[in-house]
Amino acid sequence: MVRIPDAKVALSTASVYPESTATAFEIAARLGYDGVEVMVWTDPVSQDIDALRRLSDYHRMPILAVHAPCLLITQRVWSTDPWTKLQRAKAAAEKLGASTVVVHPPFRWQRQYARDFVSGIWRMADETDVRFAVENMYPWRYRDREMLAYAPDWDVTKDDYRHFTIDLSHTATARTDALQMIDRMGDRLGHVHLADGNGSNKDEHLVPGRGVQPCAELLDRLALSGFDGHVVIEVNTRRAMSSAEREADLAEALAFTRLHLASAVKVPRG
């Protein structure tokens, strides 16, 4: 007999790019995901709380997390002020019933934001039941040169946050040990972006099992520890030759995740 842990498996809407946020809800429902994480970016639907609520209700797909617009391509989404972005992400999560806001550490050129980031995240976390889960990033590399693009640090375990997100594509790009990182996060690990990578300079976001990251081992640890956060499939399907191929990749990722979450928790017959 196998006991399935409480962790829910969600689909990031970024996983269907270049298809739309609405398509992500449709695919998540058809494949049997437990919910979605909304990546707030240039798709107008991803920025519209009422539209997201209608999609969630229509497909019966809960919105489990909101990813704040922290990417280079979303610098003007929901304001150019980074704290305003986080306030809007918090409000969206509260209105949509999401338990988590995912946020990246600041870019180094956002000097004032970076200087106040750790204390500011604590202050915002104290104002809500929504978790602000700060995500590990990576150095930027070009050939033999490395640039530290994030502040206070791409390795978020070097700073004091209430909750963390671990992303295994990012650990691959950073060439850091993912299992050691989750050990450092400890019980503050609140959210997982599950993907794979081979350690290239590019943030690959491969389907779990197609790279060298310890995706199965991570899921085993989560299950055995009683992890009650969310495991979010955040993979890159841009090279899919068709919608059917994209959907097959997302079905494979879901099957991999459920298999390894379940196989770790075997209950002996009594």
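Calculated on the alpha-carbon coordinates, the convex hull of the stretch 8-264 measures out at 117 cubic angstrom per residue. Within the stretch 217-237, whose backbone N sits under 20 Å from a point 7 Å along Cα→Cβ of Ala255? Flagged as within label range: 217, 219-220, 232-237. Put a plus charge on the Cβ of each Lys and Arg, a minus charge on the Cβ of each Asp and Glu, and nothing anywhere else: the dipole of the stretch 8-264 about its Cα centre is then about 500 debye.
Of the accessible area of the chain, computed with a 1.4 Å probe over protein heavy atoms only, carbon and sulfur atoms account for 49 percent. Our helix-only sum for the chain, with -39,500 (n - 2.57) per DSSP H run of n ≥ 4 divided by its residues, gives a mean residue ellipticity at 222 nm of -11500 deg cm²/dmol.
Looking at the chain, the DSSP beta bridges with both ends there are about 15 percent antiparallel. Roughly speaking, what is the centre-to-centre gap between the stretch 119-196 and the stretch 19-60 when only Cα atoms are used, to the nearest Å? Comparing the Cα centres of the stretch 119-196 and the stretch 19-60, I get a distance of 25 Å.
Do any chymotrypsin sites (Phe, Trp or Tyr not before Pro) in the stretch 78-159 lie in a DSSP loop with no more than 13 other beta carbon atoms within 10 Å, and if so, which?
Trp109
Close Lys pairs in the chain, defined as Cα atoms under 25 Å apart and 8 or more places apart or on different chains, number 7. Each DSSP beta bridge with both residues in the stretch 144-270 is either parallel or antiparallel, and the antiparallel ones are about 10%. Can you classify the stretch 1-117 as rounded, prolate or oblate using the Cα gyration tensor, where a ≥ b ≥ c are the square roots of its eigenvalues, rounded means a/c under 1.5, and otherwise it's prolate if a/b beats b/c and oblate if not? In terms of gyration-tensor shape, prolate. Solvent exposure of the stretch 118-263, expressed per residue, is 45 Å² of accessible area, with all protein chains present and a 1.4 angstrom probe.
Divided by 2.2 N^0.38 Å, where N counts the residues, the Cα radius of gyration of the stretch 101-153 comes to 1.31.
If the chain linking Thr80 and Ser243 were pulled fully straight, counting 0.36 nm for each residue of separation and taking away their Cα-Cα distance, it would gain 55.3 nm.
The values are calculated or read from the model by the stated rules, or taken from the named source; none is laboratory data. On a predicted model such as this, the values are computed, not experimentally measured, just so you know. Every residue, glycine as well, gets a Cβ built from its backbone with ideal geometry; the counts of neighbours run over all protein chains shown. When the accessible area is computed, the model is the full protein with side chains, heavy atoms only, and any ligands, DNA or RNA have been set aside. Shrake-Rupley method; radii C 1.70, N 1.55, O 1.52, S 1.80 Å.
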